[in-house]
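> Would you mind keeping the following structure in view while I ask a few things?
The values are calculated or read from the model by the stated rules, or taken from the named source; none is laboratory data. Please read all numbers here as calculations on a predicted model, not as lab measurements. As a convention, Cβ positions derive from the backbone with ideal geometry for all residues, glycine included, and neighbour counts pool all protein chains shown.
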Amino acid sequence: MENSKIEWTNHTANLWWGCTEVHEGCSNCYAVAFAHRYNHDIWGNDKPRKEVKSVWKELEKFQKQALEAGEIHLVFVGSMMDIFEKSMPLVNWKGEEYSERNSLYWTTGMLRDKFFNEVVPNSPNLMFLLLTKRPSNINKYIPESWKENPPQNVMFGTSPVNQETADNLIVQLSKVNGKRFLSVEPQLGAVDLMKAVIDGEDSEKVLLDLVDWVIVGGESGHHKRPYNTDWARQIREDCKVKNVPFFFKQIDKVQAIPDDLFIKEFPQNVTPRFIEKVTNPKIKMEGNVIIKVQENEGVGSSSNRKLAEDYVNSLSPFKKEIGMAILAGITPAEVAIKFSTERNKPLKTYQAYVTMVTNGLENVVGSIKRLGAGKRAAMTKSLNVASNKIIESPANKVKSNDVRLTSEERQIIIKSLAVIKLANNEEELNKKVDYLMKKMDA
Ligand code: SF4
């Protein structure tokens with residue numbers, strides 16, 4: 001499981017798979033496509049949901065890792081499900097139904113209760129982001145005690161995609177006691193969050209007064225719908241006025257994010273140190289290209305972009321192809337996988353070339369260069385050890401013709417890159433690398 005290519009979180013956890021579409025934001029739900037690819041008949045109101053057996057151990061592991069690192073890690077609950085969907089029957093991975101005769105848990109409601117009552121209170125180092133398109137159900141399903149005393153390690157969120165859904169869903173979310181956030185994604189139209197709330201209790205307020213954090217992003221993938229970056233600018237400005245943290249995720253994961261939208265703020269009390277570092281404005285200015293390549297979002301500021309493009313254009317045809325893929329926003333690890341899979345050659349061959357091109361790009365934009373030769377050598381060595389360890393691990397399904405890393409492994413590579421390259425000194429670097437290595441051994 002996890003972790004997550006979703007950059008506003010450290011981990012993703014799914015208690016089950018399956019859902020039913022709610023509004024137009026669901027039209028290209030990647031979870032539907034993913035489930036179909038695995039032949040799981042778990043979509044719709046009349047279908048069961050598939051349990052995810054491994055999730056409980058994963059959650060324990062996330063808590064242990066965060067504790068060891070002395071950090072708070074974010075866990076997005078439900079990339080393949082909606083945690084506040086009504087309770088549904090459960091099946092195992094073979095599609096066999098659970099019942100009280102063969103399992104302790106046979107509905108999604110029971111899994112949800114287990115999560116609320118056993119996991120949340122025992123995970124003080126995790127901040128759970130419970131995102132739903134059904135916020136009117138939240139108060140129906142949370143434990144009674146949460147209504148008075150919401151847990152400090154939970155944020156409740158909802159996903160409007162246009163003005164109409166914002167008007168409805170935000171007001172529903174506001175009935176929930178606790179920290180609240182919006183994920184306006186995929187944004188399909190302009191959303192005015194300064195609109196007055198049409199509601200007795202909150203009629204003095206505007207929609208934005210009802211939430212503590214706003215994430216915004218366009219749609220990605222083959223069927224992406226058009227996106228206008230001015231929609232994000234409008235929300236950015238409103239967030240500034242209301243002092244609400246604003247996080248711009250992506251245009252479409254292909255186009256570079258304009259400088260004025262490269263804003264990745266987190267609410268103060270949920271900021272994991274790792275992400276804080278990536279979004280620190282000073283580091284951002286020094287290493288825009290690196291940060292954005294790591295985050296799978298294309299290359300950053302326009303001046304850096306120009307330098308990076310010039311560099312890529314000067315390369316030999318093969319390296320140029322790799323450089324173009326990196327500039328298009330594919331992470332270095334994924335570029336190696338892509339080339340190796342397409343050309344049916346060992347991953348290692350491409351990994352070496354990708355490292356060369358990535359290092360070249362980094363030199364061009366001048367972030368790592370300033371850190372000095374000793375540190376740079378240490379960083380490169382650690383990075384190579386980290387990537388090789390993941391890629392060569394027998395646990396991976398890496399064959400010459402079938403190269404796939406799990407999302408967790410990819411996340412580790414991406415995080416390794418960020419941590420290694422952004423460490424402030426040798427000691428911090430070593431500490432971080434040790435931690436990552438332990439994580440990989442786990
Ligand atoms: S609510 Fe979420 S998981 Fe369910 S169909 Fe919509 S986008 Fe997919």
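> For residues that are aromatic (Phe, Trp, Tyr) and not in a strand (DSSP E or B), scanning just the range 67-97, find the one that is surrounded by the most Cβ atoms within 10 Å (Cβ to Cβ). First the steps, then the outcome.
First, pick out the residues of the range 67-97 that are aromatic (Phe, Trp, Tyr): 76, 84, 93.
Imposing the further condition that a residue be not in a strand (DSSP E or B) reduces the set to 84, 93.
On the way: 84: 22, 93: 12.
Among residues in the range 67-97 that are aromatic (Phe, Trp, Tyr) and not in a strand (DSSP E or B), the one surrounded by the most Cβ atoms within 10 Å (Cβ to Cβ) is 84.
> Restricting the range 98-107 to residues that are among the polar types (S, T, N, Q) and part of a loop (DSSP other than H, G, I, E, B), which is farthest from the ligand (Cβ to nearest atom)?
To start, the set of residues in the range 98-107 that are among the polar types (S, T, N, Q) comprises 99, 102-103, 107.
Checking the rest, the ones that are also part of a loop (DSSP other than H, G, I, E, B) come to 99, 102-103.
Working: 99: 25, 102: 27, 103: 24 Å.
Of everything passing the filter in the range 98-107, 102 is farthest from the ligand (Cβ to nearest atom).
> Any idea which of 234, 255 is at pLDDT 80 or above and part of a helix (DSSP H, G or I)? Let's see the steps before the verdict.
Numbers: 255 fails: part of a helix (DSSP H, G or I).
Selected residue: 234, the only one of 234, 255 that is at pLDDT 80 or above and part of a helix (DSSP H, G or I).
> Here's a check for you: in the range 65-85, which residue that is within 8 Å of the ligand (Cβ to nearest atom), modelled with pLDDT of 90 or more and not aliphatic (A, V, I, L, M) is farthest from the chain's Cα centre (by Cα)?
Only one residue tops the list, namely 85.
> Could you list, in sequence order, all residues of the range 167-192 that are within 18 Å of residue 249 (Cα to Cα) and not charged (D, E, K, R)?
Within the range 167-192, 181, 182, 183, 184, 186, 187, 188, 189, 190, 191 meet the criteria.
> Now, a different point. Does the range 108-121 contain any residue that is outside any helix (DSSP H, G or I) and either under 21 Å from residue 157 (Cβ atoms) or more than 16 Å from the ligand (Cβ to nearest atom) (or both)?
So the first thing to find is which residues in the range 108-121 are outside any helix (DSSP H, G or I), and the list is none.
No, there is no match, as no residue in the range 108-121 is outside any helix (DSSP H, G or I) and either under 21 Å from residue 157 (Cβ atoms) or more than 16 Å from the ligand (Cβ to nearest atom) (or both).
> So residue 1 clears everything in (1) at pLDDT 90 or above; (2) touching a strand residue (DSSP E or B) at 6+ places or on another chain (Cβ under 7 Å) except one condition, right? Which one?
Result: residue 1 fails condition (1) only.
> Still on this structure, I have one more. Restricting attention to the range 34-51, does a residue exist that is in the same structural domain as residue 159 (by TED's automatic domain parsing), part of a loop (DSSP other than H, G, I, E, B) and near the ligand (Cβ under 9 Å from one of its atoms)? Walk me through it before giving the result.
Residues of the range 34-51 that are in the same structural domain as residue 159 (by TED's automatic domain parsing), as a first pass: 34-51.
Restricting the remaining residues to those that are part of a loop (DSSP other than H, G, I, E, B) gives 38-42, 44-48.
From what is left, the residues that are near the ligand (Cβ under 9 Å from one of its atoms) are none.
Within the range 34-51, none of the residues are in the same structural domain as residue 159 (by TED's automatic domain parsing), part of a loop (DSSP other than H, G, I, E, B) and near the ligand (Cβ under 9 Å from one of its atoms).
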